[in-house]
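Taking it in order: structure first as structure tokens, then the write-up.
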């Protein structure tokens, strides 16, 4: 791993999902006990939220198998390659149960509810620059939306050719 890749990894992992946890301890992030596999994130990071607790809404912390499959797809094909090979970023939101999605004002058909969307906060650049890096990288995406305080990135298996950009 090059020094740039290590720096991207460190900057991308510090802050964590929901900006509530620090994922980077030394070198690698903590991993959950699920079938989700990543060098950088565990299931506990995908489901992290400040909107509820595991006791109040266990469905947020135990997503359906389809969500884990979709999260694995976006992780393997967009997030890990982007973080490893291109630029640092923070992930502020990933999976949202229907309760959490409603609590944060998400739309009813949000891709977050299915594990197919992530909200990215670029480090050392603005949202437009991150969108340009992703769109010119050759990495697959379905949709990138500049939401002002983050970039909403969607990757749906079978629809990675759409490449819709709303900046």
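A few comments on the model shown:
- Unit Cα scatterers, Debye sum, segment 55-97: log10 I(q)/I(0) for q = 0.34 Å⁻¹: -1.16
- Each 10 Å bin from zero holds the following percent of Cα-Cα pairs in segment 42-167: 13, 47, 32, 7, 0.
- Among 156, 67, sorting on how many other beta-carbon atoms sit within 10 Å of each Cβ, with the fewest leading, yields 156, 67.
- Burial ordering of 118, 104, 151, 87, fewest other beta-carbon atoms within 10 Å first: 104, 87, 151, 118
No lab work stands behind these numbers, since they all come straight from the coordinates. Source: prediction; values computed, not measured. Every residue, glycine among them, receives a Cβ derived from its backbone with ideal geometry; neighbour counts consider all protein chains shown.
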